[in-house]
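What follows is one structure encoded as C-alpha cells, with my remarks underneath.
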Amino acid sequence: MKNGGFAGKILKIDLTTREVKQEPLDMQLAEKFIGGLGLTLKLAYDNIIPGTGALEPENVIAIGAGPLVGTSFPSTSRVFAVSKLPSSDTIGWCGAGGVDFGCQLKNSGFDHIVIKGKADKPVYLKIMDDTVEICDAGNLWGKGVEETASDLWDRFERPAGVISIGQAGENLSAFSMAFIDRIATLGRGGLGAVFGSKNLKAILVKGSQGIQTADRKAYKRLNKTLMQQIRDYPYLKEWQDMGMIKSFPMVPMEIYDKIRKRHVACVSCPFGCKDIVEIKDGEFAGQVVCSSSAINLFTPQMYGIEDYREAIRLVAILDSYGLDYFEFFGIMNFARSLAENGIIPANLVDPEIKIESFHSLETWAEKIALRQGLGDILADGFKRIIQEYGKDCKQYAPAIIKGIHPYAGPGSALPWSLFGTMELGQVLDPRGPHVGSGGSPTYFAKRPLDVFYKHFKRMGIPEDAAERIISSSQTAKEEKALKVGTLLKYSHSWFSLLGSIGICVRAQVNRFYNAELCANIYEAVTGIETNLDQLRERVDRIWTLYRLMNLRENIPRETDQSLPERWFKADGFKEYVTEASLSPDDVKLMIEDYYAEWGWDRKTGEPSSAVMDKLGLA
C-alpha cells in the first residue's frame, strides 16, 4: 500500500534570517514516532539546543498535526506545539482541538512547522498551500486574540486556520497562551510568551490539497462502523445539546439555555463542545463570547464573583489578552494575601485586589497584560513574585508545581479531593499541571475498581499490567488496592497514542476509540503496518524521548518530587480507594511505581540502557 495520512513535508522557518525551507517528511521517522504529538516532540528534541532559555531566539516552536487530521474520522483535528516554556523552564507540549487550523495545515501540504529565531519587528506567517510568507504584523501588534484572528479572516477569508496571541504574549507574560481560531487554548506554561519573544503575532494557513488514504476500503469500513456507534450512543443528543456542561453540571442549565447562542465544532467532530454565548441583559447585554467550553466562562464564580454575566465578561477579557485564567486567579489570590500581610507595599496595590470584584480584576488583568506597575512583577508568575518578595512569602502561596498553579485539587478552582492519575500527572508531566487526563477512569470520578478493567482494555493496557495496577490490598479494610503510579504510565501512553494519531482526548470523543481500533485506523490511513504491540512500542518511544529531552536540560531531579504542602493538610488529598489522608511518602511511592513501570530507574527516573536499546533511542 502507498503511504497516506501524511501531507509529506515539514516547514522550517528562521525568523532571524527570514529563511523559509520546505523539507520532505522522513517517513521512517514518521513511522517510529507515529506523527502528531510524537513527531512534534522528536522535532523539538532535534532542534532545541540544550540549555536554551525559553525566551531566547534560539528556542524552537515545533507545531504538528497527526496523520488522521484532515480525514473524516470523528474528532481528528488535534494540534500540538512543543517548546521550552517559561513558567516551568521545561520542554513541554501544548495541545488543543485544531478547529480549522489542523486540517488547513495538512491540506496546505505540511505535517509540521518548526520555527526558530526572532524577527526584527512584529510579523505573522502566511501559509497558502506551498506559498509561505513572513508578513509585517505592525497593524496587528497590540490587538487581542480574537481581534487578530478576525482581522486575518477579513483579509484572507475563511476557511483558514489561525494561531494568534494577545497583548500578554507580546509582553512576555509567563502565563500567556496562544489560541487556535480564537477559541481553542494552546497552552499552559507560557507558549504565548514564546511567540511574543520571537515577535511572532500569528500564523495563518489555508490549504486545498487534501489528504490521501492508503486503504480506502478499510478506511470507509472503519469510519462507517465508528460513526454508527456514535449515532447509536444513547447520550449523543445530550452531548450535542449541552457540550462540556454535561460533564461538569455545576452551571445551572436555565442560565446556560438563556445565554447559549451556538456550539462550535472542530473539523470532523460530531459533538461540538465549544461554545458561543451571548449575554442577554445587564451591563454587558449584547456581548458575544467564544470559549473552548462554557464551563470556563463560569469559573470566576468559583472564586467569588457572584454575577454570571460579570464572570463571562471577565473570562472574555482574559482570553482577549491571552492570559491563562486559572493562573491569573492563583496569582491574584497570592498577591492579595501578600498585600494584606504587608509583604507587598500598599502603594503598589492600586486598586485594592478584590477577588470577588469584577472591576478590580478587570483592572489587574490589564496591568498584567501590559506590565503596568505591580503588574510587571505579577506577569512573570509565581517564581518572580517569590524572588521579589522572599521565600517567606511562599507560606501564602497556593499549590504550585513547576511554577504553575494546578487547576484541580485542594485550594484550587475545582476542589477535587481524590488522588488519581490526573493529580499525579500534574507532578510527573515535565510541563507541569494541565488538563490532559488521557481518559483515565479516575478522572473526576469515584468508580468501583471492577469497572476499571473495561477502561484498561480500551486503553490497550496489557493484562499483566492490569494485575499490577489493581492488586491485593495490604490492609484488611479493602480487598483491592489501586496503584496510581502504575496506572499513570498507561494513561500517559494512551494520551500519547491519541495525540500522535490526531484524536481529541475529551471524554465524549475518546470513549468511542480503543487502542486496537486506533492501530487498525492508523494502518488503513497511512499504509504503515501496525498491530497493537507495534503501536505500544512506538508510544513508549515517544514518552521516553519526552523524558530524555528534559533530563538533557539538567533539570534538578527533585523537581519530580516537589509536592505542594497544601496537598497534605487536614483538608488535602485523599487516597483514591480508601479515602484515607494522603502523605508525601504515599505520593513518592507512586512516583517510584511510575518510573518502574516505564523501565526507568526507580529513584532517578532515568531510562535504563535496556529500555533505550529496545526503543531504538540509544
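The values are calculated or read from the model by the stated rules, or taken from the named source; none is laboratory data. This one's a predicted model, so the numbers in the text were calculated from it and none came from an experiment. A quick note on method: Cβ atoms are made from the backbone with ideal geometry, for glycine too, and the neighbour counts reach across all protein chains shown.
What is the residue count in the range 151-172 for residues that are outside any loop (DSSP other than H, G, I, E, B) and crowded, with 16+ Cβ neighbours inside 10 Å? Counting residues in the range 151-172 that are outside any loop (DSSP other than H, G, I, E, B) and crowded, with 16+ Cβ neighbours inside 10 Å gives 12. Would you confirm, using the coordinates I've provided, whether Leu226 is part of a helix (DSSP H, G or I) and of a type outside the set (Val, Ile, Thr)? Yes, satisfied.
On inspection, Lys237 does not qualify as out of contact with any strand residue (DSSP E or B) (no Cβ under 6 Å at 6 or more places or on another chain), farther than 27 Å from Ser72 by Cβ, not acidic (Asp, Glu) and not in a loop (DSSP other than H, G, I, E, B). In the range 1-29, the residues that are outside any loop (DSSP other than H, G, I, E, B) reach residues that are polar (S, T, N, Q) with C-beta atoms within less than 7 angstrom, at least six apart or across chains, in these pairs: Lys9/Gln22; Leu11/Gln22; Met27/Asn3.
Residues in the range 362-389 that are part of a loop (DSSP other than H, G, I, E, B) and surrounded by 18 or more Cβ atoms within 10 Å (Cβ to Cβ): Leu370, Arg371, Leu374, Ala379, Asp380.
Looking at Asn520, Asn514, can you tell me which residue is touching a Lys or Arg at 6+ places or on another chain (Cβ under 7 Å) and outside the structural domain of Lys32 (by TED's automatic domain parsing)?
Details: Asn520 fails: touching a Lys or Arg at 6+ places or on another chain (Cβ under 7 Å).
Going through Asn520, Asn514 in turn, the sole match is Asn514.
The residues in the range 85-104 that are within 18 Å of Asp380 (Cα to Cα) and touching a Phe, Trp or Tyr at 6+ places or on another chain (Cβ under 7 Å) can be counted, and the count is 1.
Could you identify the single residue in Leu497, Leu532, Leu488 that is within 13 Å of Gly38 (Cβ to Cβ) and of a type in the set (A, V, I, L, M, F, W, C)?
Working: Leu532 fails: within 13 Å of Gly38 (Cβ to Cβ); Leu488 fails: within 13 Å of Gly38 (Cβ to Cβ).
Going through Leu497, Leu532, Leu488 in turn, the sole match is Leu497.
Among residues of the range 406-429 that are in contact (Cβ under 8 Å) with a residue 40 or more places away in the chain and assigned to a strand (DSSP E or B), those with a beta-carbon under 9 Å from a residue that is of a type in the set (S, T, N, Q) and surrounded by 20 or more Cβ atoms within 10 Å (Cβ to Cβ) at least six positions away or on a different chain give the pairs Leu414/Thr299; Leu418/Thr442; Phe419/Thr442.
Entry remark, the range 573-599: residues being outside any loop (DSSP other than H, G, I, E, B) and in contact with a Lys or Arg (Cβ under 7 Å, 6 or more places away or on another chain) number 8 in total. Just one of Arg602, Arg552, Arg538, Arg566 is closer than 20 Å to Tyr490 by Cα and out of contact with any Phe, Trp or Tyr (no Cβ under 6 Å at 6 or more places or on another chain); which is it? Residue meeting the stated conditions: Arg538. Scanning the range 332-348 for residues that are in contact with a Phe, Trp or Tyr (Cβ under 7 Å, 6 or more places away or on another chain) and either buried (at least 24 other Cβ atoms within 10 Å of the Cβ) or among the hydrophobic types (A, V, I, L, M, F, W, C) (or both), we see that the one that is nearest to Arg260 (Cα to Cα) is Met332.
Looking only at the range 508-515, decide whether some residue is over 23 Å from Trp93 (Cα atoms), over 26 Å from the mean Cα position of the chain (by Cα) and either surrounded by 15 or more Cβ atoms within 10 Å (Cβ to Cβ) or not acidic (Asp, Glu) (or both). Checking the range 508-515: not a single residue is over 23 Å from Trp93 (Cα atoms), over 26 Å from the mean Cα position of the chain (by Cα) and either surrounded by 15 or more Cβ atoms within 10 Å (Cβ to Cβ) or not acidic (Asp, Glu) (or both). The C-beta contact set for the range 525-551 (first residue more than 23 Å from Ile91 (Cβ to Cβ) and in the same structural domain as Leu497 (by TED's automatic domain parsing), second residue of a type in the set (S, T, N, Q) and part of a loop (DSSP other than H, G, I, E, B), distance under 7 angstrom, 6+ apart or interchain) comprises Val525/Thr71; Val525/Thr213; Thr526/Asn3; Gly527/Asn3.
Results for (1) assigned by TED's automatic domain parsing to the domain that holds Gly98; (2) part of a loop (DSSP other than H, G, I, E, B); (3) crowded, with 21+ Cβ neighbours inside 10 Å; (4) of a type in the set (A, V, I, L, M), shown as yes or no for each residue.
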| residue | (1), (2), (3), (4) |
| --- | --- |
| Asp257 | no, no, no, no |
| Val277 | no, no, yes, yes |
| Lys280 | no, yes, no, no |
| Glu283 | no, yes, no, no |
| Glu306 | no, yes, no, no |
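Residue-level analysis places Pro74 outside the set of residues that are touching a residue at least 12 places away in the same chain (Cβ under 8 Å), more than 30 Å from Gln508 (Cα to Cα) and surrounded by fewer than 24 Cβ atoms within 10 Å (Cβ to Cβ).
From the set of residues in the range 90-140 that are among the hydroxyl-bearing types (Ser, Thr, Tyr) and not in a strand (DSSP E or B), which is surrounded by the most Cβ atoms within 10 Å (Cβ to Cβ)? Let's see the steps before the verdict.
We begin by selecting, within the range 90-140, every residue among the hydroxyl-bearing types (Ser, Thr, Tyr); these are 90, 108, 124, 131.
Now drop any that are not not in a strand (DSSP E or B), which leaves 90, 108.
Details: Thr90: 20, Ser108: 23.
Restricting to residues being among the hydroxyl-bearing types (Ser, Thr, Tyr) and not in a strand (DSSP E or B), the top hit is Ser108.
For the range 168-187, give me the residue count where each residue is out of contact with any Ser or Thr (no Cβ under 8 Å at 6 or more places or on another chain) and in contact (Cβ under 8 Å) with a residue 60 or more places away in the chain.
If we filter the range 168-187 for residues that are out of contact with any Ser or Thr (no Cβ under 8 Å at 6 or more places or on another chain), which is where we start, we get 170-171, 173, 176, 180-181, 186.
Then drop every residue that is not in contact (Cβ under 8 Å) with a residue 60 or more places away in the chain, which leaves 171, 173, 176, 180-181, 186.
Matching residues across the range 168-187 total 6.
Does the range 527-549 include one or more residues that are more than 30 Å from Gln28 (Cβ to Cβ), assigned to a helix (DSSP H, G or I) and among the acidic types (Asp, Glu)? Checked against the condition, which is being more than 30 Å from Gln28 (Cβ to Cβ), assigned to a helix (DSSP H, G or I) and among the acidic types (Asp, Glu), the range 527-549 yields no hits at all.
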